[in-house]
Amino acid sequence: MTFERTVLPSGVRVVTQPVAGQRTASIGVWSPVGSRGEPAPLAGVGHFLEHLVFKGTSRRSALAIAQQFDAVGGDLNAFTGRDHTCFYARVLGEDASEAIDTIADMVRNATLANDDVEAERGVVLEEISLHEDTPDDLVFDLFSEALWPEHGLGRRVEGYAETVAAMTRDDLLSTYRSQYGEIVVAAAGNVEHARVVDWCEDAFGAGQAWSGPTGDVASAVGALTVRRRDVEQAHIVYGVPGIPRNDARRWALAVLNVALGGGMSSRLFQEIRERQGLAYAVSSDHQGFAETGLFTIYAGCSPNNVGEVLRRARAIVDEVASEGIHESELERAVGHLRGSILMSLDEPGALMSHLGRGELLYGEVLSGADLIARLTAVTLEDVREVAGALFCVPWSLAVLGPKIDDDGMRRFLEGAA
């Protein structure tokens, strides 16, 4: 993969990757601002603003923005995470300049009119209600809240009904003025770097450096949270603090994650679903942040099977922590990651995300060959060491579902079950 990078005098960074034979262009405007930096009374303000910038600017109404993309068959959307926000579009290559200009206008010149604030407040509150009705998502928020009860990483990205309901236009406006200071523009597909640079110079005003909040994150290891809900399945998240996103051990952890719960041949899937039939869904995952991370095991199962699912998951984790994985698992995991990475880089939208995340969050954009080289260098000892370091601490647990035995869950965490 050959990409080009330019830093404009304004501070805006532009990274592009042309893809031969593509007619479409995927464009993302990224900022290192997410929910983790929000004060508790304003939890969800960034997500609220993400909605509001679509409601119009001093140059374009909300209808004009929608009509512009409908007229060319394009897509425009956005998402907010814990440590970044992205506005992205997919259009034909000849429409890329207008897409960049529109997104720049949205992140620089949104009007945040009073009527729009009130109308969109209702939409965001509905989204929060919908999230409460999605137990396999909600359980992860319950886990994060238990693990980081006093930190922004533990709060929900979309905020809470009480915080969103209380936000004033002044709260939103003051946050918006500093929200999208540092900008990375990533583009892939039917694009030419020099033209994208020219468009960005015209579209964006001066940027500003914004390194984001960092520092120690105190984790409440061994935390337990149980939420009773009248649903068919119990939803389980069992996990520990992980490693920072730039930690050199992340390559070994990626391999470990695939071997443990990242595919149909993984230990968790084979034991808990295939051999024992205890759960329909079981998997593992790792997220890295600036100074910490999150490693989790998720399962959705009958409430009657919660205890047995947890016991078998813990047995697998303990075995991997003490003995590591087998050579065949290492080879299979590396092959799995190699295939998924290279296939994703063939798609302009995923390639754009790779460029944007690499430049914004990691400070480097690695080629597919570089990524594969890092993964193939992982040894069995690397995997055993990272497993031992992460897994040999008290784990935390969140369970959502009917008929959950609090005392039984507590005894499990204390090692007595």
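The values are calculated or read from the model by the stated rules, or taken from the named source; none is laboratory data. What you see is a predicted model, and the numbers here were worked out from it, not measured in a lab. Here Cβ is always computed from backbone atoms with ideal geometry, including for glycine, and neighbour counts include all displayed protein chains.
Considering each residue of the stretch 52-105, count those that are among the hydroxyl-bearing types (Ser, Thr, Tyr) and modelled with pLDDT under 95, and give that number. Full working, then the answer.
Restricting attention to the stretch 52-105, the residues satisfying the condition of being among the hydroxyl-bearing types (Ser, Thr, Tyr) are 57-58, 61, 80, 85, 88, 97, 102.
So of that shortlist, the ones also modelled with pLDDT under 95 come out as 58.
Qualifying residue count for the region: 1.
Restricting attention to the stretch 319-336, the residues being buried (at least 20 other Cβ atoms within 10 Å of the Cβ) and either charged (D, E, K, R) or within 23 Å of ASP83 (Cβ to Cβ) (or both) number 1. Looking across the stretch 255-292, the residues that are of a type in the set (Gly, Ala, Ser), surrounded by fewer than 22 Cβ atoms within 10 Å (Cβ to Cβ) and at pLDDT 95 or above come down to SER265, GLY277, ALA281, SER283, GLY288. Of all residue pairs spaced 6 or more apart or on separate chains, those with beta-carbon atoms under 8 Å, a first member in the stretch 56-68 that is under 17 Å from PHE87 (Cα atoms) and among the hydrophobic types (A, V, I, L, M, F, W, C) and a second member that is part of a helix (DSSP H, G or I) and at pLDDT 95 or above are ALA62/PHE54; ALA62/LYS55; ALA62/ASP116; ILE65/PHE54; ILE65/THR102; ILE65/MET106. Considered as a group, the residues in the stretch 324-347 that are under 19 Å from the mean Cα position of the chain (by Cα) and part of a helix (DSSP H, G or I) include one that is nearest to GLN22 (Cα to Cα), and that residue is SER344. Considering only residues that are among the acidic types (Asp, Glu), exposed (fewer than 13 other Cβ atoms within 10 Å of the Cβ) and either in contact with an Asp or Glu (Cβ under 9 Å, 6 or more places away or on another chain) or in contact (Cβ under 8 Å) with a residue 40 or more places away in the chain (or both), which ones fall in the stretch 386-410? ASP406, the sole residue that qualifies.
Quick check on the stretch 29-47. Is at least one of its residues closer than 14 Å to VAL91 by Cβ and in the same structural domain as THR163 (by TED's automatic domain parsing)? Full working, then the answer.
Step one: filter the stretch 29-47 for residues closer than 14 Å to VAL91 by Cβ, giving 29.
Next, only the ones that are in the same structural domain as THR163 (by TED's automatic domain parsing) stay: 29.
Within the stretch 29-47, one or more residues are closer than 14 Å to VAL91 by Cβ and in the same structural domain as THR163 (by TED's automatic domain parsing).
So, SER353, is that one under 16 Å from the mean Cα position of the chain (by Cα), polar (S, T, N, Q) and part of a helix (DSSP H, G or I) or not? Yes, satisfied.
Filter the stretch 162-203 down to residues that are of a type outside the set (A, V, I, L, M, F, W, C) and under 21 Å from the mean Cα position of the chain (by Cα) and give me whichever is modelled with the highest pLDDT. Within the stretch 162-203, the match that is modelled with the highest pLDDT is GLU182.
Would you be able to say whether some residue in the stretch 364-385 is of a type in the set (D, E, K, R), more than 24 Å from GLY154 (Cβ to Cβ) and crowded, with 21+ Cβ neighbours inside 10 Å? Within the stretch 364-385 (the criterion being of a type in the set (D, E, K, R), more than 24 Å from GLY154 (Cβ to Cβ) and crowded, with 21+ Cβ neighbours inside 10 Å), the answer is no, since none of the residues qualifies.
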